[in-house]
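Have a look at the structure below before the remarks.
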Amino acid sequence: MNLLASTIAMPNIDYLALSPEIILLVGATLVLLATSLVRGGMKRNMATGITLLLSVAALIASLLQWHRVSTQGATITIAKAISMDGFSAFIGVTIACSMILATLIGHVFLERERITTPEYHILSLVAASGAIVMAQANDLIVIFLGIEILSIALYVLVAFNPLRGESGEAALKYYVLGGFSSAVFVYGIALVYGATGSTNLGQISDFFAQNQLINTGLLYAGIALLLVGFGFKVAAVPFHVWTPDVYQGAPSPITGYMAAIAKVGGFAALIRVFIAAMGSQASTWQPIIYALAIATLLLGAIVALVQRDVKRMLAYSSIAHAGFILVGIEVGTLAGTSAALYYLFVYSIMTIGAFGIVTVLGGDGDGDHDLTRYRGLARRQPWLGGALVILLLAQAGIPFTTGFLAKLGVVSAAIQGGSWPLALVAMLSAGIGVAFYLRVAVIAVLPGQPEMDADTDTPASAVSAATSRSQTGLLLEESTTTQSEEAIVNVPLLGAIGIGLATLTTVVFGILPGPLLDFANSAAKIFQP
């Protein structure tokens with residue numbers, strides 16, 4: 001037995017490289033143990049505080065990784081399965097910042113729904129650790145492990161509101177389609193292994209550099225299946241079918257969390273696999289991503305235009321945002337990758353902030369998200385309405401916001417890379433997006449507009465021609481006054497801090513983008529030969 005043990009070569013472990021996910025996973029485990037073993041369990045406020053501390057610790061660990069990489073270079077650890085480089089540090093910072101905001105905003109939902117147990121915090125910590133693993137993975141099998149850690153926690157989070165049947169239905173849809181996409185992804189891993197003889201991304205890259213493939217069918221099939229698996233995770237068309245129903249049915253803070261962190265993890269893994277490991281095979285996968293980007297940009301923007309439910313509108317909006325990130329990835333250049341990374345960071349902040357406001361306005365049960373709830377919001381609660389307008393304008397790509405620079409970056413990279421038709425489609429999608437973002441912003445800013453008929457989307461005064469002008473005016477005035485009085489919502493301190501931080505970040509980095517742009521550019525340089 002001792003002789004056998006002495007022949008086993010233990011891999012070298014760099015604990016700094018693993019520190020963000022260790023912090024999150026160990027923290028989640030300790031919170032779970034405290035809940036199970038301590039009399040009375042851990043209460044909501046304490047769980048929120050601990051989760052915030054763990055998220056800040058993960059942020060500090062990611063920044064320390066960046067400092068190490070900047071001074072000593074990148075590191076590959078655990079038998080070349082985990083990478084610590086500028087890219088993983090950037091994604092770690094993005095996920096940690098998203099976790100801080102999601103925890104602050106999630107507390108609003110937990111307090112309003114009188115949920116005192118810490119399951120939300122435990123599952124969100126676990127899901128975030130899975131996303132970080134996906135970003136650091138240097139092996140296809142480790143990427144799959146990260147996907148499953150992320151996805152299983154999200155399946156439960158989507159079903160977190162037992163009082164709404166839509167929540168359970170959404171979780172079931174997400175679970176079935178998520179399981180299917182994972183199976184497709186694993187099959188793709190098997191085919192790539194059969195074609196290259198390895199699942200390690202570094203060894204796959206070396207294989208392409210040193211060998212000329214004669215029979216490429218196996219590799220091409222593997223690449224296609226990997227793209228299908230990633231397409232489900234990032235909600236790219238036509239693999240987006242789960243997104244609207246799941247986003248609408250899930251509790252609002254969890255929708256924002258999922259829209260941000262799941263996309264960050266999915267795109268991080270996609271970039272590492274196709275830009276880093278399979279960059280030499282770009283002629284194989286670029287046309288597929290080109291088509292996916294066009295379909296995602298157009299469908300997301302056009303369908304969002306006709307939505308009355310704000311959560312469903314933001315779901316299709318997130319699909320369109322995925323299309324913009326795909327534009328940056330398709331180019332395959334330093335500028336494209338850097339633009340995609342910058343877009344991921346600012347998108348996650350904008351999205352969580354917007355869903356934070358949706359959470360506040362959702363009311364008891366979190367079931368009412370019709371546009372009418374947003375009418376006159378800026379008059380009733382100026383700071384909340386102002387934050388909503390800023391976050392919506394940022395997603396529309398209005399100048400002096402991070403959203404403008406994000407869209408400009410991917411479009412410029414596409415033009416520089418010769419993909420100008422794709423850049424034109426992206427600009428068309430952005431133009432369509434302005435319409436539905438401004439629709440909500442105008443409703444929030446301009447009170448006293450006629451109520452819209454739910455079926456025809458026309459003024460309610462036009463529905464009944466028999467009603468006199470004076471009677472209609474009195475009814476509308478009474479309706480508007482009643483709605484204004486009832487729609488004043490209480491925003492807990494932590495929720496206000498979360499929304500405020502998201503809005504402030506969107507404006508500050510929109511006016512002074514230099515540090516974040518430099519960070520994204522440096523993180524993308526590791527993929528250049």
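All of the numbers you see were taken from the coordinates with simple rules; none came from a lab. Given the structure is predicted, the values throughout are model-derived calculations rather than measurements. We place every Cβ from the backbone using ideal geometry, glycine too, and count neighbours over all the protein chains shown.
Some values worked out for this structure:
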| item | result |
| --- | --- |
| Asp139 long-range amide H proximity, modeled H, under 5 Å | Leu201 |
| Cα-based Rg / Dmax (Å) for region 222-341 | 14.0, 45 |
| Links that overshoot a 22 Å alpha carbon limit, given the list Lys407/Lys525; Lys173/Lys263; Lys43/Lys233; Lys80/Lys263 | Lys43/Lys233; Lys80/Lys263 |
| Equivalent ellipsoid semi-axes - Cα gyration tensor, region 107-246, angstrom | 36, 17, 9 |
| Whole-number percent relative contact order across region 240-372, with pairs defined as alpha carbons under 8 Å at least 6 apart | 35 |
| Debye intensity ratio I(q)/I(0), log10, region 315-368, q values 0.14, 0.21 Å⁻¹ (C-alpha model) | -0.47, -0.76 |
| Where trypsin sites (Lys or Arg not before Pro) in DSSP loops with at most 16 other Cβ within 10 Å are excluded, longest remaining stretch of the chain | 309-529 |
| Pairwise FRET efficiency - Ile214 versus Met46, Cβ, R0 = 51 Å, nearest 0.05 | 0.25 |
| Karplus-derived 3J(HN,Hα), 6.51/-1.76/1.60, for each residue of region 323-339, Hz, glycine and proline x | x, 5, 5, 4, 4, x, 5, 4, 4, x, 9, 4, 4, x, 5, 4, 5 |
| For the chain: relative contact order, % (alpha-carbon pairs under 8 angstrom, 6 or more apart) | 15 |
| The chain: C-alpha pair distances exceeding 32 Å, % | 42 |
| Alpha-carbon centroid distance for the pair region 162-221 / region 39-117, whole angstrom | 26 |
| Binned Cα-Cα distance frequencies in region 1-114 - 10 Å width, integer % | 13, 33, 26, 19, 8, 1, 0 |
| Per-pair calculated FRET efficiency, R0 = 25 Å: Ile141 and Ala9 via Cβ, rounded to 0.05 | 0.85 |
| At R0 = 30 Å, FRET efficiency that the Cβ-Cβ distance of Gln72 and Leu37 yields, to 0.05 | 0.15 |
| Charged-residue dipole, Cβ positions (Lys, Arg, Asp, Glu), the chain about Cα centre, Debye nearest 20 | 580 |
| P(r) of region 52-147 over all Cα-Cα pairs, binned every 5 Å from zero, in whole percent | 3, 13, 21, 21, 17, 11, 7, 4, 2, 1 |
